[in-house]
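*Asks:* Before we start, here is the structure in question, set down as structure tokens.
The values are calculated or read from the model by the stated rules, or taken from the named source; none is laboratory data. Note that this is a predicted model, so its numbers are computed, not measured. FYI the Cβ positions are ideal-geometry reconstructions off the backbone, even for glycines, and counts take in every protein chain you see. The protein model used for the area step is the full one, side chains on, heavy atoms only, and it has no ligands, DNA or RNA in it. Shrake-Rupley method; radii C 1.70, N 1.55, O 1.52, S 1.80 Å.
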Protein chains: 2
Amino acid sequence: MSQHVVVIGAVALGPKAACRFKRLEPDSKVTMVDQSDLISYGGCGIPYFVSGDVSDASQLQSTSFHMVRDATFFRDVKDIDVLINTGVLSIDRNSKTVRVKNVLTRREEDLSYDQLVLATGSLPKRLPIPGAGLKGVFTVSNLNEAMAIKQGLAGGEVEKAVVIGAGAIGLEMAEALADLWGIETTLIEVADQILPGIVSPNMARMAQHHLEENDVAVRLEETVRALHGTDRVEKVTTDKGSIDADMVIMAVGVAPNSDLARAAGLEVLANGAIVVNDRMQTSDPLIFAGGDCVAVANLLTGKPGYFPSGSLANRQGRVIGTNLAGGNSRFEGAVGTFIIKVFEMSLASAGMSLKTAKAEGYDALSVFVSQFDRAHFYPEKGLMYMEIIVKRGTEKVLGVQGLGGMSDAVFARVNAVAAILKYGPTTADISNLELLYAPPFSAAMDIVNALGNTAENVLRGKNKLIDVDQFAKWWQDRDGSEAVFLDCRGWGNAKPFAEKYPDDWKSIPQDELKKRMDEVPKDKPVVLICNTGVRSYEAQLNLRQRGITDTFNLQGGMATVKKWGLDI
Amino acid sequence: MSQHVVVIGAVALGPKAACRFKRLEPDSKVTMVDQSDLISYGGCGIPYFVSGDVSDASQLQSTSFHMVRDATFFRDVKDIDVLINTGVLSIDRNSKTVRVKNVLTRREEDLSYDQLVLATGSLPKRLPIPGAGLKGVFTVSNLNEAMAIKQGLAGGEVEKAVVIGAGAIGLEMAEALADLWGIETTLIEVADQILPGIVSPNMARMAQHHLEENDVAVRLEETVRALHGTDRVEKVTTDKGSIDADMVIMAVGVAPNSDLARAAGLEVLANGAIVVNDRMQTSDPLIFAGGDCVAVANLLTGKPGYFPSGSLANRQGRVIGTNLAGGNSRFEGAVGTFIIKVFEMSLASAGMSLKTAKAEGYDALSVFVSQFDRAHFYPEKGLMYMEIIVKRGTEKVLGVQGLGGMSDAVFARVNAVAAILKYGPTTADISNLELLYAPPFSAAMDIVNALGNTAENVLRGKNKLIDVDQFAKWWQDRDGSEAVFLDCRGWGNAKPFAEKYPDDWKSIPQDELKKRMDEVPKDKPVVLICNTGVRSYEAQLNLRQRGITDTFNLQGGMATVKKWGLDI
């Protein structure tokens, strides 16, 4: 049975749904409508286009075999009609028509549909501040805007830039500006950490240090009040001061683009996300929706979740394409995953952060470890850092995070844990997770397994930790503090600290601890320190056996202290 | 309650179990017994020690913080006694004693135990052929033997080497010899592919080509009959000829080292693996066993499985340590995972190969795809290759394999699928697997998702494939064949072939196919070819719409043909 499917939006989900449907029902007709002339591009590639890593915008629009996915491509190769430069004014669900308007010719017409797909995506939030409309102020909303940004950069007009918002896009844009264009770049974030709501303060701090090492100035807990300039933007003022800027990128989040759906009477959540079932149908079974404009189930909380992502959009698009053709494909939801390249660092998460877990009402804690990404005897290796968020009692895993270099090592580990999160794993499942093992790729007891082991030890009271943040506070306050600091590493590692701070930094290598037990201060809490936290844990057990229980193992050890950029 | 635990074997699982137990019960006594003087080393690192990547054997014995794990280390740091150079003669379960004998002093004594751990590992199989005892003939069984191999290499005595057996250790040793020592190396395998029983013929063929590109001669379906030489080995004869060799490495598999267990009346399988429950207890609840000497559940078949692996040994060791201390830790089994570095290639698998699945009685098929490991517009990327093994009907996933460069990209993908295999995923779960996405790490529709999609399309009859093996046969027989070959790529890619084989290699770019439908031969089966299999699939659908259904999509496309090293 031939039918006519209309798809509103032709960036990610729209084309995917349309092409899948056409592959299953080649005799049916599909019309895709988009308000822009640039369609079917990899929006996530915009920061790499701005940086110059991707030299030409057409690359973002191309297939892997170098065909540009424009309206002609869709017509000739996919047998799909595309109306570019065409906005949608309204949906009439009774007559099953869509009112469209060509933005150039201003001509309006009605398109009738048998089934409709809403692929309207998200819109960047804009701060309602004075000067937001000045030239040189951009969001990173679409390819046209990206081209305008790059044009400005290539014209040499920009020496100083401010990026507002330290989420993923803010970070990627800051890197693009600072790294490849050498622009003096300031990143301003209203929260007390970068990537708020995504990664832990600990991970955020390490990434922030890396940004700063790469000449991005990071300003936290600062609120932008206004942008100034006569025609072009020249200055940013905040609650803490002012910063000169020839360009301002607003990257303060996105919101579902769902006005059309709401106006058509479809069910929409308070946050603007369109409600769909697991077949990706809206409250009108003839209308499907997916991608950045919908909510899908959060598989950890069971509540509706908003996960704007080009990857989800693609997968949901295929589900919709199948179902348009009468299939019964399901998209059950997401646990929420994230990965970002920050200069030479990779940072990833899956599931909930500790803060999110607590906000959701979980009695949760997080545990952090550092370890080599490969067998420690293998010559090429790097330290990596992982954190797990677990529920007390059931020991159920709620989330995981990882940070490391650019070798895919973090990607590999967080992927594996992300894959099982929906099955409700416990710390024991992480301890025994069957990761692939060979020395050039992993350790026999991989960091993921070590993370599960450490979490179990902490939950069962075997391992008592402090984090680097607390360590830094105690260290700064060491004159007034009641704590002492005991370095459990070999003398070679401990020496610079013990000699610099003879009163505060005590050295007893862990393998000598049993013989030198008398030297351990017993009247104060002892902070145990080694390079990654393994020997200090061993030392903690040694001390406990001798009745010294008021000890704290510095989690992640000096490797993490260094990664924070702390000057000790 | 203080107790005495005796651990037999001090390489991987033994030390792990002993240390974990001591951390939980520091007041109990542990005695570890090993027949060698070299203990607690990373046996999987031996090929890298032989190659020189790991310069010194002590590195394999060291902790990540450079302490050598010898008997002194275990005594001073771990409070564990180790009897080195000490063999175990027998176990008396009634009196709960172990009879040991020092191999140097020949002194015997009885050790009494409260609980016992068998960590006896595996023994390398030796071919029962003439000359197997000659000098210069080695297995790769332990660090002492590895040191003897390296000594031989460093002495410059070896110009030509033969490695018998193309399993993981055989491949790693062949690379070590050929790559870093420049030795003329021949790899002989009795089966018709390298890595038999582990990866598919297709994956094996690509890896074999890579070995050959790196000057390792690979000889398949060849049986070694004898080794010759007066004192040292000089020549290898097979059923097909003879090869000069100054060194022979026998890498023909390992078998559980379980004579002691069997003699003690513990339950042992026909293949020699000790039977344990999911607490890693043998048929005697006071005796635990783990690592390369036991069978654990195969989580896919439910049958006992034998998975010798340093990684499993470590994880099982921790489980045993916990249970020795009265805990209730479980090791539920394994799906079987594998990864290997082959020069600049990584090759991985999880679960069953197609051959194994069929042998287990599954009505299974395998599907193969190739795709970039990152967003195709991202500048740094590499092609990778994946195969999935699925059951017809239920579409349950039985296994997965991957091949690519050395970027951890294969490790990451196979890890993620391996992690969920025990939960019984279907192709739909693979299509929607929530992998982390950002252009520097992955594609919005990642190769894993594409693999699930393709498998579904094949299972539902939408995509009709042939593999490279079949393609190669049809191509070689093209004069007599009834098939025609249609290149769906752009003319630039197709031209060299179409011009070289004007009668056999037809070119119609997929985007021109609808207009040039008349040119498609309709009297013969059509093999559709593109670079990775995406456009040829699209072409297959285009042709089907016009009633041309006798077509075959070359899976993995010309990228795979090239990877096979086929000269077309």
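*Asks:* All but one of (1) in a loop (DSSP other than H, G, I, E, B); (2) over 19 Å from residue B:137 (Cα atoms) hold for residue B:207, so report the exception by its number.
*Replies:* Looking at each condition in turn, residue B:207 falls short on (1).
*Asks:* Please find, within segment A:330-342, the residue that is farthest from the other protein chains (Cβ to nearest Cβ) out of those that are closer than 12 Å to residue A:277 by Cβ and of a type outside the set (Asp, Glu).
*Replies:* A:333
*Asks:* Another question, if that's okay. Do we have residue A:70 as over 19 Å from residue B:371 (Cβ atoms), of a type in the set (D, E, K, R), surrounded by fewer than 22 Cβ atoms within 10 Å (Cβ to Cβ) and more than 11 Å from chain B (Cβ to nearest Cβ) here?
*Replies:* It is true that residue A:70 is over 19 Å from residue B:371 (Cβ atoms), of a type in the set (D, E, K, R), surrounded by fewer than 22 Cβ atoms within 10 Å (Cβ to Cβ) and more than 11 Å from chain B (Cβ to nearest Cβ).
*Asks:* Now for a different question. Please indicate, with yes or no, whether at least one residue in segment B:212-220 is of a type in the set (D, E, K, R), more than 20 Å from residue B:342 (Cα to Cα) and not in a helix (DSSP H, G or I).
*Replies:* The answer is no; no qualifying residue exists.
*Asks:* Can you name every residue in segment A:104-117 that is in a strand (DSSP E or B) and either buried (at least 18 other Cβ atoms within 10 Å of the Cβ) or among the aromatic types (Phe, Trp, Tyr) (or both)?
*Replies:* If the condition is that a residue be in a strand (DSSP E or B) and either buried (at least 18 other Cβ atoms within 10 Å of the Cβ) or among the aromatic types (Phe, Trp, Tyr) (or both), then A:111, A:115, A:116, A:117 are the ones that fit.
*Asks:* Could I ask something else about it? In contact (Cβ under 8 Å) with a residue 12 or more places away in the chain, within 11 Å of another protein chain (Cβ to nearest Cβ) and over 26 Å from residue A:453 (Cβ atoms): is that true of residue B:42 in this structure?
*Replies:* Spelling it out, it is not the case that residue B:42 is in contact (Cβ under 8 Å) with a residue 12 or more places away in the chain, within 11 Å of another protein chain (Cβ to nearest Cβ) and over 26 Å from residue A:453 (Cβ atoms).
*Asks:* Still on this structure: Within segment B:310-319, is even one residue assigned to a loop (DSSP other than H, G, I, E, B) and under 24 Å from the mean Cα position of the chain (by Cα)?
*Replies:* Looking through segment B:310-319, none of the residues is assigned to a loop (DSSP other than H, G, I, E, B) and under 24 Å from the mean Cα position of the chain (by Cα).
*Asks:* When both residues are 6+ apart or on different chains and their Cβ atoms are under 6 Å apart, which pairs have a first residue that lies in segment B:495-521 and is part of a strand (DSSP E or B), and a second that is of a type outside the set (A, V, I, L, M, F, W, C)?
*Replies:* These pairs meet every condition: B:507/B:487.
*Asks:* Something else now. Which one of B:459, B:528, B:554 is at pLDDT 95 or above, more than 13 Å from every other protein chain (Cβ to nearest Cβ), closer than 27 Å to residue A:24 by Cβ and out of contact with any helix residue (DSSP H, G or I) (no Cβ under 6 Å at 6 or more places or on another chain)?
*Replies:* Step by step, each of B:459, B:528, B:554 is checked, and only B:459 is at pLDDT 95 or above, more than 13 Å from every other protein chain (Cβ to nearest Cβ), closer than 27 Å to residue A:24 by Cβ and out of contact with any helix residue (DSSP H, G or I) (no Cβ under 6 Å at 6 or more places or on another chain).
*Asks:* Here is a follow-up. Looking only at segment A:1-27, how many residues end up being touching a residue at least 40 places away in the same chain (Cβ under 8 Å) and within 14 Å of chain B (Cβ to nearest Cβ)?
*Replies:* 16
*Asks:* Follow-up. Let me spell it out: the conditions are (1) assigned to a helix (DSSP H, G or I); (2) over 22 Å from residue A:201 (Cβ atoms); (3) open to solvent by less than 10 Å² (accessible area, probe 1.4 Å), and residue A:453 meets all of them except one. Which number is the exception?
*Replies:* (3)
*Asks:* Another question about this same structure. Would you please list the contacts, defined by Cβ atoms under 7 Å and residues six or more apart or on different chains, that run from a residue in segment A:297-324 that is in contact (Cβ under 8 Å) with a residue 60 or more places away in the chain and under 18 Å from residue A:272 (Cα atoms) to a residue that is open to solvent by less than 20 Å² (accessible area, probe 1.4 Å) and of a type outside the set (Lys, Arg)?
*Replies:* The qualifying pairs are A:313/A:13; A:313/A:290; A:313/A:291.
*Asks:* Going residue by residue through segment B:304-318, is there one that turns out to be touching a Lys or Arg at 6+ places or on another chain (Cβ under 6 Å), within 12 Å of chain A (Cβ to nearest Cβ) and open to solvent by less than 10 Å² (accessible area, probe 1.4 Å)?
*Replies:* yes
For every residue, the table says whether it meets (1) open to solvent by less than 30 Å² (accessible area, probe 1.4 Å); (2) farther than 12 Å from residue B:121 by Cβ; (3) β-branched (Val, Ile, Thr); (4) in a helix (DSSP H, G or I).
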| site | (1), (2), (3), (4) |
| --- | --- |
| B:6 | yes, yes, yes, no |
| B:17 | yes, yes, no, yes |
| B:27 | no, yes, no, no |
| B:32 | yes, yes, no, no |
| B:46 | yes, yes, yes, yes |
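*Asks:* While we're here: Does residue B:58 meet the test of being open to solvent by less than 60 Å² (accessible area, probe 1.4 Å), in contact with a helix residue (DSSP H, G or I) (Cβ under 6 Å, 6 or more places away or on another chain) and among the polar types (S, T, N, Q)?
*Replies:* Here the answer is no, as residue B:58 does not meet what is asked.
*Asks:* If the requirement is being out of contact with any Leu (no Cβ under 8 Å at 6 or more places or on another chain) and touching a residue at least 12 places away in the same chain (Cβ under 8 Å), which of these qualifies: B:219, B:232, B:225?
*Replies:* B:225
*Asks:* Continuing with the same structure: Could you count how many residues in segment B:358-407 are assigned to a loop (DSSP other than H, G, I, E, B) and more than 10 Å from chain A (Cβ to nearest Cβ)?
*Replies:* Result for segment B:358-407: 10.
*Asks:* Take residue A:489 and tell me if it is at the interface with another protein chain (Cβ under 8 Å from one of its Cβ atoms) and surrounded by fewer than 24 Cβ atoms within 10 Å (Cβ to Cβ).
*Replies:* yes
*Asks:* Which residues, counting only those in segment B:390-415, are free of Cβ contacts under 8 Å to residues at least 60 places away in the same chain, of a type in the set (Val, Ile, Thr) and in contact with a Gly (Cβ under 7 Å, 6 or more places away or on another chain)?
*Replies:* Scanning segment B:390-415 gives a single hit, B:400.
*Asks:* Name every residue in segment A:283-300 that is surrounded by fewer than 23 Cβ atoms within 10 Å (Cβ to Cβ), outside any strand (DSSP E or B) and either within 18 Å of the chain's Cα centre (by Cα) or at positive phi (or both), in order of residue number.
*Replies:* Residue satisfying the conditions is A:299 alone.
*Asks:* Considering A:392, A:413, which residue is more than 30 Å from residue A:181 (Cβ to Cβ) and open to solvent by less than 40 Å² (accessible area, probe 1.4 Å)?
*Replies:* Of A:392, A:413, the one residue that is more than 30 Å from residue A:181 (Cβ to Cβ) and open to solvent by less than 40 Å² (accessible area, probe 1.4 Å) is A:413.
*Asks:* Follow-up question, since we're still on this one. What are the residue pairs meeting all of these: first residue in segment B:150-175, first residue open to solvent by 30 Å² or more (accessible area, probe 1.4 Å), second residue of a type in the set (S, T, N, Q) and at pLDDT 95 or above, Cβ atoms under 9 Å, and 6 or more apart or on different chains?
*Replies:* B:160/B:185; B:160/B:186
*Asks:* Failed condition for residue B:461, given (1) at negative phi; (2) open to solvent by 20 Å² or more (accessible area, probe 1.4 Å), with all others met?
*Replies:* Every listed condition holds for residue B:461 apart from (1).
*Asks:* If you don't mind, there's one more thing I want to ask. Quick check on segment B:77-96: of everything there that is touching a residue at least 12 places away in the same chain (Cβ under 8 Å) and outside any strand (DSSP E or B), which residue is farthest from residue B:28 (Cα to Cα)?
*Replies:* The selected residue is B:85.
*Asks:* Moving to a separate point now. How about segment A:416-445: which of its residues are assigned to a loop (DSSP other than H, G, I, E, B), free of Cβ contacts under 8 Å to residues at least 60 places away in the same chain and of a type outside the set (Gly, Ala, Ser)?
*Replies:* Listed by number, the residues that qualify are A:423, A:425, A:432, A:433, A:434, A:435, A:436, A:437, A:445.
*Asks:* Ok, one more. Can you go through A:341, A:355 and tell me which one is open to solvent by 10 Å² or more (accessible area, probe 1.4 Å) and assigned to a helix (DSSP H, G or I)?
*Replies:* None of the other options fit; the residue is A:355.
*Asks:* Still on this structure, I have one more. (1) open to solvent by 30 Å² or more (accessible area, probe 1.4 Å); (2) over 29 Å from residue B:176 (Cβ atoms); (3) among the small types (Gly, Ala, Ser): which one isn't true of residue B:229, the others all being true?
*Replies:* Tallying (1) open to solvent by 30 Å² or more (accessible area, probe 1.4 Å); (2) over 29 Å from residue B:176 (Cβ atoms); (3) among the small types (Gly, Ala, Ser), residue B:229 fails exactly one: (2).
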